[in-house]
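Engineer: If you scroll down you'll find the structure; I have some questions about it.
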Amino acid sequence: MGFSKLGLSPKVMEGVRAAGYTDPTPIQLRAIPVILQKKDMIGSAQTGTGKTAAFTLPMLTLLGSHQPHIRCLVVTPTRELAAQVETAIRDYGRFTNLKAAVIFGGTGYGRQDEQLRQGVDIVVATPGRLLDHMERGTVRLDRVEMLILDEADRMLDMGFMPDMRRIINKCPKGRQTLLFSATIPVEIDRLSQWALRQPEKIATEAARSPAATVTHTLYPVAEDQKQDLFLELLKQTDYNQVLVFARTKYGADRLYNALRRLNHAVAVLHSGRTQSEREHSLNGFRNDRYEIMVATDIASRGLDVEGISHVINYDVPQHPEDYVHRIGRTGRAQTVGDARTIMVAEDLIHIRAIERFIGQTIPRVKLNNFPYLYTRAFDAKEPLRLKSMRVGSTYFSHSGRRRR
Ligand code: AMP
């Protein structure tokens, strides 16, 4: 079924056509009619499923045409995600006269104040700077008709729960509220009971399973050889663009410097960098100026960069959900992707947790022509006992191709 029967306005439909979409994704098919009926909704959808358009298209339809006060507020955990959502709103809404502003910290107030003064229909914001604006009186939420909390579980992880409650409290009681969250931990469930009214629950695909279009593999190695293996893995990978995840800011910087010394076109993204550095990195990565970006988990949620053919986890994520989010950065919207995770002996426990979480074992792979030292990481002999086990824990060799 196409978009035409979903009840979107003609101007929004023009935006959809201009974006080149022919068919709605499953979450769009289910969420758009519910949102258009002004119902509250909890959506648990995987990243890369078209979630942003699922709430943006009906939101633009409901708002109709420009009025100079904030009627819709979208709250996101990171600045990058806020900027991305605002871009989507501009794209889909380009044939409407609705106005949107994006508000986040790490940058001056000047432009944000100016946009707000001129009057916007939609604000997309991260919690901290939004609260600053509310205290300064430059943002008022008393005419908000629609509140959208995106990546709510990530906001919880980042300690934004008290901020979220303060923001929600300032919105009118009669508003429509949409909450998107990959997982629904008990705190989010409690929040939704308090902030939402008889929400429709929409879950497309299990939030636990990584996108079916992504292949994933594990590279066990001795701790001392980790960086060497990473560099060799990169050499043997035929990539378009690679997103590399490191556990810490320091670790990300260290890898970034190592790659720069080898003359790679590389960028780095983590919360220790200034806002302009973060923007420079992400824009450069989006525009293909950089072929590699090294990042912390700040980049693991929701980011949509078309050219990412590979995700490499230099460090194993500590939370199983983050594994799914990280590898969701590749293989987005029906394209194929490849996720490779380097593991050392201490990671075994986390790998087990990830495999249990996603319900499958991840194949172990050895690189050709790499002078492996022995490590306990090779000894994960007993495979997980899963009903639908796809691959055992035996090694098979991997013949990567060199790039270009
Ligand atoms: P999201 O999950 O919102 O980050 O979206 C993931 C990607 O899917 C984005 O690049 C969107 O432009 C794309 N997308 C969203 N909806 C559709 C659709 N109906 N058809 C094709 N691509 C889509």
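The values are calculated or read from the model by the stated rules, or taken from the named source; none is laboratory data. Just so you know, these numbers come straight off a predicted model, no measurement behind them. Cβ sites come from the backbone with ideal geometry, for glycine too, and all protein chains shown count toward neighbours. Just so you know, the surface numbers come from the protein's heavy atoms only, side chains and all, with ligands and any DNA or RNA stripped out. Shrake-Rupley method; radii C 1.70, N 1.55, O 1.52, S 1.80 Å.
Engineer: In the chain, what percentage of the DSSP-assigned beta bridges are antiparallel, given to the nearest 5?
Structural biologist: Details: 0 of 51 bridges.
That works out to approximately 0 percent antiparallel.
Engineer: Please work out the Kirkwood hydrodynamic radius for the chain, using every pair of different C-alpha atoms, and report it in angstroms with one decimal place.
Structural biologist: On the way: mean 1/r = 0.0449 Å⁻¹.
One decimal place: 22.3 Å for the Kirkwood radius.
Engineer: How would segment 214-396 be classified by its alpha-carbon gyration tensor: rounded, prolate or oblate, with rounded meaning a/c under 1.5 and the a/b versus b/c comparison settling the rest?
Structural biologist: Working: a/c = 1.79, a/b = 1.45, b/c = 1.23.
Cα axes put segment 214-396 in the prolate bin.
Engineer: Continuing with the same structure: Hey, got a sec? Which trypsin sites (Lys or Arg not before Pro) in segment 1-90 land in a DSSP loop and have at most 13 other Cβ atoms within 10 Å? The partial results should precede the final answer.
Structural biologist: Numbers: sites: Lys5, Lys11, Arg17, Arg30, Lys38, Lys39, Lys51, Arg71, Arg79, Arg90; in loops: Lys38, Lys39, Arg71.
Passing sites in segment 1-90 are Lys38.
Engineer: Check Thr237: other-chain or 5+ apart residues with amide H under 5 Å from its amide H, H built from backbone geometry?
Structural biologist: Amide H neighbours of Thr237, under 5 Å, 5+ apart: Arg403.
Engineer: Kindly write out, for segment 243-258 in residue order, the coupling ³J(HN,Hα) from the Karplus curve 6.51 cos²θ - 1.76 cosθ + 1.60 (θ = phi - 60°), rounded to whole Hz, with x marking Gly and Pro.
Structural biologist: With the stated coefficients, segment 243-258 comes to 9, 10, 9, 10, 6, 10, 4, 4, x, 5, 5, 5, 5, 4, 5, 4 Hz.
Engineer: Let me understand segment 167-261 better: what is its radius of gyration from the alpha carbons, and its Dmax, in angstrom?
Structural biologist: Cα only, segment 167-261: 21.3, 59 Å (Rg, Dmax).
Engineer: On to the next question. With θ taken as phi - 60° and the coefficients 6.51, -1.76 and 1.60, list the Karplus ³J(HN,Hα) couplings across segment 110-116 in order, rounded to whole Hz; mark glycine and proline as x.
Structural biologist: Per residue, the Karplus-derived 3J(HN,Hα) values read x, 5, 5, 4, 4, 4, 5 Hz.
Engineer: Also, quick follow-up: Looking at the chain, which longest stretch skips every one of the GluC sites (Glu not before Pro) that is in a DSSP loop with at most 16 other Cβ atoms within 10 Å, leaving the sites themselves out?
Structural biologist: Numbers: sites that count: Glu205, Glu306.
Answer from the scan: 1-204.
Engineer: How much accessible surface area, in Å² rounded to 10, belongs to the heavy atoms of Asp338 with a 1.4 Å probe?
Structural biologist: For Asp338, the solvent-accessible surface is approximately 30 Å².
Engineer: What distance in nm separates the simple spin-label points at Ala203 and Arg90, each placed 7 Å from Cα in the Cβ direction?
Structural biologist: Once both label points are built, they end up 3.7 nm from each other.
Engineer: Could I have the simple spin-label model distance between Arg352 and Arg136, label points 7 Å from Cα toward Cβ, reported in nm to one decimal?
Structural biologist: 5.1
Engineer: A follow-up question, please. Sort 247-253, 215-221 by packing, meaning the average of other beta carbons within 10 Å per residue, with the highest value first. Spell out each step's value before the answer.
Structural biologist: Working: 247-253: 16.3, 215-221: 21.4.
Result, highest mean Cβ count within 10 Å first: 215-221, 247-253.
Engineer: Another question, then. Heads up, I need the accessible area for Met158: 1.4 angstrom probe, whole protein in place, Å², nearest 10.
Structural biologist: About 80 Å², rounded to the nearest 10.
Engineer: Using a 1.4 Å probe, what is the accessible area per residue for the chain, in Å²? Could you put the intermediate results ahead of the total?
Structural biologist: Working: 17880 Å² over 404 residues.
About 44 Å² of surface per residue is accessible.
Engineer: For Gln275, project a label point 7 Å along Cα to C-beta. Then give me every residue of segment 96-132 with its amide nitrogen under 11 Å of that point.
Structural biologist: Label zone hits: 102-113, 126, 129-130.
Engineer: Segment 3-203: D in µm²/s via Stokes-Einstein (Kirkwood Rh, Cα pairs, 4 °C, 1.567 mPa s)? Don't skip to the answer; put the middle values down first.
Structural biologist: Values: Rh = 16.8 Å.
Roughly 77 µm²/s, to the nearest whole number.
Engineer: Ignoring everything except DSSP H segments at least 4 long, calculate the 222 nm mean residue ellipticity for the chain; use -39,500 (n - 2.57) per segment, divide by total residues, nearest 500.
Structural biologist: Details: 14 runs with 146 residues, N = 404.
Per the formula, -11000 deg cm²/dmol.
Engineer: Excluding ligands and nucleic acids, what accessible area in Å² is computed for Ser4 using a 1.4 Å probe, to the nearest 10?
Structural biologist: Taking all protein chains as shown, Ser4 has close to 90 Å².
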